[in-house]
Amino acid sequence: MALPARTARTSYDTVVACAPVTVPYTRFSPESAAWWIGRALHGLLAQSGLQIKDLDGFALSSFTAGPDTAIGLTQHLGLTPRWLDHIPLGGASAVVALRRAARAVQAGDADIVACVAADTNHVDSFRKTLSTFSRFAQDAVYPYGSGGPNASFALITKNYMNMFGATREDFGKICVAQRDNALAHPLALMKQKLTLEAYLAARPIADPIHLFDCVMPCAGAEAFLVCREETARSLGLKTVRILSTIERHNAFPEDPVQIRGGWAMDVDDLWGMAGVTPDSIDFVETYDDYPVISMMQFEDLGFCKKGEGPDFVRSHSLTNDGSFPHNTSGGQLSVGQAGAAGGFLGLVEAIRQLTDSALGTPVPQARLGLVSGFGMINYDRGLSSCAAILARSA
Amino acid sequence: MSKPLVRPKRKNPLQRTRLPLLPHGQRSRTAHGLTLAAAQGRFALQVCDDCSKTIYPPRDACPYCLGAHLPFKDVVPDGRLIAETTVRISTDPYFRERTPWRVGTVQLDAGPLVIAHLHGDTVEGERVRLSLKIDKSGAAVMVALPAVETADMQADPILREMTCDPQFRRVLITDGRTAVGQAMAKAFCEAGASIVFVGIANAWKPYPGMQTLAGLDQVEIVPLDLTDSQSVTDLAGQNGGRIDIIVNTAEHVRAGGIIGRDGISEARDAMDMRYFGLMRLAQAFGPALRFRGADGQSSATAFVNLLSVHALMNWPAFGAHCAAEAACLSAAQCLRAELRPGGVKVLNAFFGPLETEWFQTVPPPKLAPSALAKAVVNALKQGLEDVFVGDIAQDIRERLAANPKALERELGEG
């Protein structure tokens, strides 16, 4: 039986993202996830001048809101949405929230969708999240040294180094450039300059992962609105257009160790739908829970071929004033990883860069940005990947 | 190469004893298929009935064909270690005090990718053999071993942690009068136990094998009568904190069933020696055993029950005896749960009729006490929970799994 050919994808027309909100991160927080979600929504209303009843769509991502999900939080927070989504995709949450919300707005199922990711970080919540993260983690990963994602990514990193000759210096270059970007970003938790020497001399965490390869778990929230361009204009909000998006889960299960993400399956679709090419992109926000994953994204998103990631990094400068501006706020490696909000960091930063509202160093003449997400180490690899190409509104 | 174990120095009595912590032991119900295999020293993974693919981690639907019948079957444990890491920072208190700890990704020839603990002699890129072990939490874990045996590989700290090797440990054998007790003493001495305490009740009464037993280098005869609470408490008060492995060799075997006997005195004796004896022993020694579960290289590690395989299904020819054995099996299950917080294992060794006087009328095959002793030492070295020793025990186990009702009828036919 032959299935009919896939139909061409519909554009997102005049649906836009706007109102980037960051609730300043803290290393630990005694507050609940609901508190952080509430602050993020408050930030959206403050920036847009909307009232809470105007939010008729709500998409939430949070690891620490339990036992509540998005529905319980509508009552907690006084929302009465006609469109609701809970997106448990960690680092892939933002792009997935964006593309779902955009289609809902486009179809008229909702007019203004608040997309929020927030997590608290109590003194012991990270360990608890790890040990019960998934059934496979409980059965087949956590009992093995309980190194958490550091150990899982150590194996992925080691295998990548074995196969493609990446060195610690290559990963270090990514981390050092991001720290440079972060030094201008007032909300980044990491305030000290990082040198390659300091990166290389850092203590080992799970070989070959060393201290500065790891993100710092923290509490925080990120949010943005999705609505029609005319709605945003009536509110006086600057907007970004959505040229294309992709999403994929559990790609390439046959790869023994993860050397690529689902982007590699959908990359032609990403560029084709947007009608642009990689060399026209002004900045890239990758999901950087570890630098090896950023390197894989350079490859899988079409900036270079598989295995050329190390060379690509060597041949570019990755700071905001460089040849390949990357993770322009400093990324999670330097801003901090506020749980699911870590997945929103790049998208919220991209909206800022494309609306002349960067909190840190602006990328000169940025017109096109690529945001990529990656998430959910269920067993041995990240399952979710996604990406979006965003453009400055005319 | 693994370094051979070094005899531990005498412990400084002023030093605080490290308290037991456990690795994360919670598992899905399906994953306990691995626990079953590990308890018996087998390597089993799920194999899909529909598409024959081997699956890991444990699932409730086949990811290749969505088949729902995924029994655990013995699988070839060979593979290659494709990536390794050394965890130096762990979120878990148990591993925090044991880092650095090596783990790695093993690609099995059978298909699946397995995250495993790494034996010190494994090398990235090379062949390994996986073994399922019960960790301190009581759950099964994968351990990658070198494909070819290496010198002193048993001394590896990860294996030492997951098994109950008697080397440099202090053992209590509760009854040295029996042939099995004496065989155990010999086997534990040969396995490198540092002291083998052997209990003898009514020491003034001579017994066969006395000279040989007392002549064994590591053996120290101690007064112990499991039918006497005071005797058990006294010994525990003296030596309880020094014992790492307890092997209960007390036996009370008498032919005969239930209604063919007059009165319950024989059955009461059996229960007193076996079930109440086990209780006295566990109550007196259990707390110290559990407390010392993480006390260094030679921590307390195991409580061994020797059980008639007919504890699992009554053999009416020895019916009353079997009932006492069944009581002991049930108590052993309770004991297992009670000792688990200390990371101390309960090994149940099941066996058929022994080559001893009490089974004089029973036709062969019968099990030599020395074979039972060797099997127990071997099971401890592997860290097993259940071992079936000898042809009869194996036969009963298989028949029980196939059709317990058929086994019940057949045993009742004499």
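For this structure, a couple of remarks:
- Residue within segment A:207-216 that is away from chain B (no Cβ under 14 Å), among the acidic types (D, E) and within 25 Å of A:R314 (Cβ to Cβ) present: no
- The numbered conditions (1) more than 30 Å from B:I134 (Cβ to Cβ); (2) assigned to a helix (DSSP H, G or I) are all true for B:A375 except (1).
- Residue in segment B:230-247 that is over 30 Å from B:L14 (Cα atoms), touching a helix residue (DSSP H, G or I) at 6+ places or on another chain (Cβ under 8 Å) and assigned by TED's automatic domain parsing to the domain that holds B:P353 present: no
- In this entry, B:R397 passes the filter for residues that are over 22 Å from B:M184 (Cα atoms) and not polar (S, T, N, Q).
- Selection count, segment B:118-153, where residues are of a type in the set (S, T, N, Q), touching a Gly at 6+ places or on another chain (Cβ under 8 Å) and buried (at least 22 other Cβ atoms within 10 Å of the Cβ): 1
- Looking at A:T277, A:T319, just one residue is more than 16 Å from A:I389 (Cα to Cα) and not aliphatic (A, V, I, L, M), and that residue is A:T319.
- Flag not set for A:G236, criterion: away from chain B (no Cβ under 14 Å), farther than 22 Å from B:A83 by Cβ and without any contact (Cβ under 8 Å) to a residue 40 or more places away in the chain.
Listed here are the residues, each with its yes/no results for (1) touching a residue at least 24 places away in the same chain (Cβ under 8 Å); (2) closer than 22 Å to A:D269 by Cα.
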position: A:H316; (1), (2): no, no
position: A:T361; (1), (2): yes, no
position: A:V371; (1), (2): yes, yes
position: A:I377; (1), (2): yes, no
position: A:S385; (1), (2): yes, yes
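- Taken over segment B:217-238, the residue count meeting the criterion of being surrounded by 16 or more Cβ atoms within 10 Å (Cβ to Cβ) and at pLDDT below 95 is 0.
- Options B:L70, B:L34, B:L19; residue that is at negative phi and not in a loop (DSSP other than H, G, I, E, B): B:L34
- Of the numbered criteria (1) over 26 Å from A:D119 (Cβ atoms); (2) aromatic (F, W, Y); (3) within 14 Å of another protein chain (Cβ to nearest Cβ), the one A:Y290 fails is (1).
- Of the strands (runs of 3 or more DSSP E) lying entirely inside segment A:178-283, those containing at least 1 residues that are under 17 Å from the mean Cα position of the chain (by Cα) span A:219-228, A:239-249.
- A:G72 in a helix (DSSP H, G or I) and either touching a strand residue (DSSP E or B) at 6+ places or on another chain (Cβ under 8 Å) or crowded, with 18+ Cβ neighbours inside 10 Å (or both): no
- Scanning segment A:365-379 for residues that are in a loop (DSSP other than H, G, I, E, B) and either of a type in the set (D, E, K, R) or within 14 Å of chain B (Cβ to nearest Cβ) (or both) gives A:R367, A:N378, A:Y379.
- Segment B:128-153, residues that are on the phi > 0 side of the Ramachandran plot and either away from every other protein chain (no Cβ under 14 Å) or of a type outside the set (G, A, S) (or both): B:D152
- Residue that is surrounded by the fewest Cβ atoms within 10 Å (Cβ to Cβ) [pool: residues in segment B:70-117 that are among the basic types (K, R) and facing chain A (nearest Cβ under 10 Å)]: B:R96
- Of all residues making up segment B:54-69, the number that are more than 12 Å from chain A (Cβ to nearest Cβ) and under 22 Å from B:R127 (Cα atoms): 1
- Any hit, segment A:98-112, residues being more than 9 Å from chain B (Cβ to nearest Cβ), part of a loop (DSSP other than H, G, I, E, B) and basic (K, R): no
The values are calculated or read from the model by the stated rules, or taken from the named source; none is laboratory data. Only a predicted model underlies this, so the values are computations on that prediction, with no experimental measurement involved. Cβ: placed from backbone, ideal geometry, glycine included. Neighbour counts: every protein chain shown.
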